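What follows draws every value from the coordinates through simple rules; no lab data is involved. Fair warning: this is a prediction, and the values are worked out from it, not measured in the lab. Glycine gets a Cβ as well: all are built from the backbone with ideal geometry, and neighbour counts include every protein chain shown.
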Amino acid sequence: MEFFATVVLVSLLLWIVWSFVSVLRGGNGGETRSEPLSVGQWAVRIAGPPVLGLIAASIGQGLASVGR
């Protein structure tokens, strides 16, 4: 349960940072072209932060278990 809570928290924080940075870079991820995003680009935008959060939490849990 602790691992799941860590994954959710890290994912949420990364998603907030990811969104904030994309807004600062021009609102659409820093791209200057005007054509709409492809499905793959939307998938990366939406799924990127939770996947990074899962990876970061897994590494953190692994390091914590080694430290015990």
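List of remarks:
- Each peptide among 60-66, 48-54 gets the average number of other Cβ atoms lying within 10 Å of its residues, and from highest to lowest they stand as 48-54, 60-66.
- Sorted by Cβ density within 10 Å, fewest first, the residues SER38, SER11, SER19: SER38, SER19, SER11
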